[in-house]
Each structure stands twice: as C-alpha cells, then as structure tokens.
1. Using alpha carbon centroids, what distance separates the stretch 1-56 and the stretch 69-107, in Å?
2. Write down the Å³ per residue value for the convex hull defined by the alpha carbon atoms of the stretch 63-103.
3. Pairs of alpha-carbon atoms within less than 8 angstrom and 6+ residues apart define the contacts here; what relative contact order does the chain have, in percent?
4. Can you compute the helix-only [θ] at 222 nm over the chain? Use -39500 (n - 2.57) per DSSP H run of at least 4 residues, normalise by all residues, nearest 500 deg cm²/dmol.
5. If I build a Gaussian network model for the chain, linking alpha-carbon pairs within less than 10 angstrom, which residue out of 91, 18, 80 has the largest mean-square fluctuation?
6. Choose one answer from 14, 61, 102: the residue with the largest mean-square fluctuation in a GNM of the chain with alpha-carbon springs under 10 Å.
7. Give me 2, 7 sorted ascending by neighbouring Cβ count inside 10 Å, so fewest comes first.
8. Rg to Rh ratio, the chain, alpha-carbon atoms and Kirkwood radius?
C-alpha cells in the first residue's frame, strides 16, 4: 500500500510578488528549493496564513539569494505581496517506509526569506 506524506516544506515565507499575467505556478528562490528538497516542475500546495487560502500549483526556479516567492497566473488572486505562506510538497511512498521517513523542512527568515 502507498500513502501520501509530506516530503518538503518551506514554513512561513513572505510572498514578494503576485503576477496575474504570467502563465501559472510559483517562483521560488533556488536556495529555498534546495533547502526544502523541491524541484522545478514539482506539484506543491501553498497555504496562505493571512487568509486561509489553499492553492495547488507547480514550482519554477527563481534566482538564488533573491528571496523571491511569486505566485503567478490565477493563484496571484489568492495572495498579496507581504502575505505569509507555507509551501508543501508531498510524495507517495510505501506504507512501511513512510513510518520512518523524515521530511526536509526549511524555516527561512520571515522578513528576508533567506536562510540564517
């Protein structure tokens, strides 16, 4: 049996941009992607702490050390720059393996979106 578990999480990061006219996705600073074990094109869930919205989209690589967190396309209507969000990646794995699996969690500075 397979179960879906949390694989990756960027906890409490500030939205820096919202671009309604882009095709779609979320742009994430590549340093944050590496720290949380997310890859370009991966499906993620974004949970907006400010308004409770939950959005599913996919990751686009942003410039390293930029701190960029940009919701693109229709998702841009669900956030505002300055909102705090949690970005979660999930994975399917064998039930027994999931019992001992430890997700890659990332806790950036809420003001700068940088890793301390």
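A short reminder: the numbers here are calculations on the coordinates, not readings from a lab. Note that this is a predicted model, so its numbers are computed, not measured. All Cβ positions, glycine included, derive from the backbone under ideal geometry; neighbour counts span all protein chains shown.
1. The distance from the Cα centre of the stretch 1-56 to that of the stretch 69-107 comes to 4 Å.
2. Numbers: hull volume 5.8 nm³, N = 41.
In the stretch 63-103, the Cα hull volume divided by residue count equals 141 Å³.
3. Details: 289 pairs, mean separation 52.8, N = 116.
Contact order relative to length: 46 percent.
4. Numbers: 2 runs with 13 residues, N = 116.
Theoretical 222 nm ellipticity from helices: -2500 deg cm²/dmol.
5. Sorting by GNM fluctuation, first place goes to 91.
6. Maximum among the listed residues: 102.
7. On the way: 2 11, 7 20.
Lowest to highest Cβ neighbour count: 2, 7.
8. Details: Rg = 13.8 Å, Rh = 14.1 Å.
Over the Cα atoms of the chain, Rg/Rh equals 0.98.
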